[in-house]
Amino acid sequence: MTENFRSLPGVDRVLSDQRVQELVERYSRQAVLDLVRDGLDRARQEVSGGAEAPTIDELIEGLRDQAGCHWRSWPRPVINATGVILHTNLGRAPLSREATGAVQRAATGYSDLELDLDTGRRGSRQAHISRLVCQLTGAEAALVVNNNASAVLLGLAAVAQGKEVIVSRGQAVEIGGGFRIPDVLRQSGATLVEVGTTNRTYVRDYESAINENTGAILSVHASNFRVTGFTHSPDIQELVELGTRYAVPILHDLGSGCLLDTRRFGLTYEPLPQDSVKAGAGLSFFSGDKLLGGPQAGIIVGDETLVDTVARHPLARAVRIDKLSMAALAATLMHYIKEEATEKIPVWRMVAATDQDLEARAHGWRDALGGRASVEQGLSTIGGGSLPGETLRTWLLSLEIDGIDGGADEVARRLRLGEPPVMGRIEEERVLLDPRTVLPEEDEALLQAVRKALGRDS
Ligand SMILES: *Cc1c(COP(=O)(O)O)cnc(C)c1O
């Protein structure tokens, strides 16, 4: 055992090795020194557990792997060939070129984020963006925060702290990532009053729960599940009528922030913020990086007095939106104002891609791969807590994996570990790649990655 310990090199011996010196030059002496110490500590533990001492070459190879893995630039670009347009694990919505340009400009230098250039006085970071949001949704007032989860939390805290909030039993749901409506309500300081049943809730259920301590009625869009069959829930219009009679504000969590009518693309209706505003909801909440196609953000629109109450709540500062997201959001909203969303916003380009386009791209890929794949019809999905169960017809590239040890799993693994990584879809022992979610400028890189994964380098 002691024999084994003695065969481990000292820190200085490792550090002076040419290969480790290269790491010192690329990163820093201190960072690499810590890595070496950790590596030697680990080796010592392994040896005391009975393992063979590693050779110095093995040690150094391990250090280089670790440095390359921990200190590479992150997040790495990934090609999304899954056909899931809003893939939460892949960062939800990719931004338009205009939006990324705006982020870069806002990030590189100073900006008039909170400055009124006309007067030279302090301005509000909300002024510009809320004008755009109001123009697009028809709302009286708007406030933009860090994400939709914080928008809902903030809205409830500002409007209903210490009061009761009425929610349909079928809507007291988990949105995902542990975001549960009952928990959010508790955190906001409001008390949840559930009414109706899981599948059916009527206006009269809400009405019978209203009392002098009612702070709001909250309606939550079922964005990640579908209730089918014997169901009923009042629409926002009916709730607004009820709320008006009792002077109770209606809060509407829409989830996706979809500003275009999805029925144009053969999809089911996804509630539009502008419809919620028109119906008279007191506050509506929606996300910036779902079907809106922008950066992570939470958008609150509605009645001026209520939005003002929300903006003054102390939590508003805690969930403030960052300037880079603000820049990206402003540029994304401009695409809607210029009526060019389906040409410029990647998410909408993907939704709007035509059958012919997709078929042509899939065949183009197949031809470029010289017969190591075939084309078939299939389905893409929206994903990301928007339009659950809804699909779009697409054309898929199915890779020829015969003769590869490990089959589909192995090919998918090689694609994932390639440069750039490619995420495909495995179905019935096949690897499928959907052109719908692959940006056109990624085609060449995708084909190279596929050739490599199939065992051909050219
Ligand atoms: C996605 C979603 C949220 C959370 O939005 P984030 O922007 O991800 O924080 C809240 N409510 C509903 C209904 C959602 O679909």
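From the list L324, L329, exactly one residue is more than 11 Å from the ligand (Cβ to nearest atom), among the hydrophobic types (A, V, I, L, M, F, W, C) and in contact with a strand residue (DSSP E or B) (Cβ under 8 Å, 6 or more places away or on another chain). Which is it?
Of the residues listed, the single one that is more than 11 Å from the ligand (Cβ to nearest atom), among the hydrophobic types (A, V, I, L, M, F, W, C) and in contact with a strand residue (DSSP E or B) (Cβ under 8 Å, 6 or more places away or on another chain) is L329.
Looking at (1) crowded, with 23+ Cβ neighbours inside 10 Å; (2) within 23 Å of the chain's Cα centre (by Cα), which is the one condition that is false for V307?
If we test V307 against (1) crowded, with 23+ Cβ neighbours inside 10 Å; (2) within 23 Å of the chain's Cα centre (by Cα), just (2) comes out false.
Hey, can you tell me all the residues within the stretch 312-323 that are surrounded by 15 or more Cβ atoms within 10 Å (Cβ to Cβ) and assigned to a helix (DSSP H, G or I)?
If the condition is that a residue be surrounded by 15 or more Cβ atoms within 10 Å (Cβ to Cβ) and assigned to a helix (DSSP H, G or I), then L315, A316, K323 are the ones that fit.
If a residue counts only when it is of a type in the set (K, R), which helices (runs of 4 or more DSSP H) contained entirely in the stretch 97-210 have at least 2 such residues?
97-108
Quickly run through the stretch 288-311 and pick out the residues that are assigned to a loop (DSSP other than H, G, I, E, B) and within 16 Å of the ligand (Cβ to nearest atom).
The answer is G288, D289, K290, L291, L292, G293, G294, P295, Q296, A297.
When residues of the stretch 242-265 are filtered for being touching a residue at least 12 places away in the same chain (Cβ under 8 Å), more than 21 Å from G176 (Cβ to Cβ) and in a helix (DSSP H, G or I), how many remain?
Of the residues in that region, 5 qualify.
Could you tell me how many of the residues in the stretch 255-301 are open to solvent by less than 10 Å² (accessible area, probe 1.4 Å) and under 18 Å from I129 (Cβ atoms)?
So the answer is 16.
Somewhere in the stretch 219-232, is a residue away from the ligand (no atom under 16 Å from the Cβ) and either assigned by TED's automatic domain parsing to the domain that holds S386 or of a type in the set (A, V, I, L, M) (or both)?
no
Can S188 be described as touching a Gly at 6+ places or on another chain (Cβ under 6 Å) and at negative phi?
no
Across the stretch 63-77, what is the number of residues that are farther than 21 Å from Q18 by Cα and either open to solvent by less than 90 Å² (accessible area, probe 1.4 Å) or not aromatic (F, W, Y) (or both)? It would help to see each step written out before you state the result.
The initial filter retains those residues of the stretch 63-77 that are farther than 21 Å from Q18 by Cα, namely 73-77.
If we keep only those that are either open to solvent by less than 90 Å² (accessible area, probe 1.4 Å) or not aromatic (F, W, Y) (or both) as well, we get 73, 75-77.
Residues that pass the stated criteria total 4.
Can you tell me which residue in the stretch 235-250 is farthest from G189 (Cα to Cα), limited to those that are open to solvent by less than 10 Å² (accessible area, probe 1.4 Å) and in contact with a helix residue (DSSP H, G or I) (Cβ under 6 Å, 6 or more places away or on another chain)?
It comes out as L242.
Being within 11 Å of the ligand (Cβ to nearest atom) and among the aromatic types (F, W, Y) is the filter here, so list the residues in the stretch 250-287 that pass it.
If the condition is that a residue be within 11 Å of the ligand (Cβ to nearest atom) and among the aromatic types (F, W, Y), then F285, F286 are the ones that fit.
List the number of the failed condition for F179; all other conditions in (1) away from the ligand (no atom under 13 Å from the Cβ); (2) surrounded by fewer than 21 Cβ atoms within 10 Å (Cβ to Cβ) hold.
(1)
Got at least one residue in the stretch 341-353 being more than 16 Å from the ligand (Cβ to nearest atom), among the polar types (S, T, N, Q), in a helix (DSSP H, G or I) and more than 30 Å from L115 (Cα to Cα)?
Looking for residues that are more than 16 Å from the ligand (Cβ to nearest atom), among the polar types (S, T, N, Q), in a helix (DSSP H, G or I) and more than 30 Å from L115 (Cα to Cα), one finds at least one in the stretch 341-353, hence yes.
R76: assigned to a loop (DSSP other than H, G, I, E, B) and within 16 Å of the ligand (Cβ to nearest atom), yes or no?
Spelling it out, it is not the case that R76 is assigned to a loop (DSSP other than H, G, I, E, B) and within 16 Å of the ligand (Cβ to nearest atom).
Identify, from the list G406, G389, G384, the residue that is within 16 Å of the ligand (Cβ to nearest atom) and loosely packed, with under 13 Cβ neighbours inside 10 Å.
Exactly one of G406, G389, G384 is within 16 Å of the ligand (Cβ to nearest atom) and loosely packed, with under 13 Cβ neighbours inside 10 Å, namely G389.
For a quick check of your reading of the model, give me the residue pairs whose first member lies in the stretch 43-69 and is over 19 Å from Q30 (Cβ atoms), whose second is among the charged types (D, E, K, R) and open to solvent by less than 40 Å² (accessible area, probe 1.4 Å), with beta-carbon atoms closer than 9 Å and at least 6 apart or on different chains.
I56/D17
Mind checking which residues of the stretch 382-416 are of a type in the set (D, E) and either closer than 30 Å to R226 by Cα or over 27 Å from the mean Cα position of the chain (by Cα) (or both)? Walk me through it before giving the result.
Our first condition is that a residue be of a type in the set (D, E); within the stretch 382-416, this holds for 390, 400, 402, 405, 409-410.
Of everything in the stretch 382-416, those that are of a type in the set (D, E) and either closer than 30 Å to R226 by Cα or over 27 Å from the mean Cα position of the chain (by Cα) (or both) turn out to be E390, E400, D402, D405, E410.
Here is a yes/no grid of residues against (1) surrounded by fewer than 14 Cβ atoms within 10 Å (Cβ to Cβ); (2) at pLDDT below 95:
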| position | (1), (2) |
| --- | --- |
| R105 | yes, no |
| Q126 | no, no |
| L132 | no, no |
| L143 | no, no |
| N148 | no, no |
| L153 | no, no |
| G162 | yes, no |
| G170 | no, yes |
| L192 | no, no |
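The values are calculated or read from the model by the stated rules, or taken from the named source; none is laboratory data. All figures in this text were calculated on a predicted structure; none of them were measured in a lab. Here the Cβ is made from the backbone with ideal geometry for all residues, glycine too, and neighbour counts use every protein chain on show. In case anyone asks, the SASA skips ligands and DNA or RNA and just uses the protein heavy atoms, side chains included. Shrake-Rupley method; radii C 1.70, N 1.55, O 1.52, S 1.80 Å.
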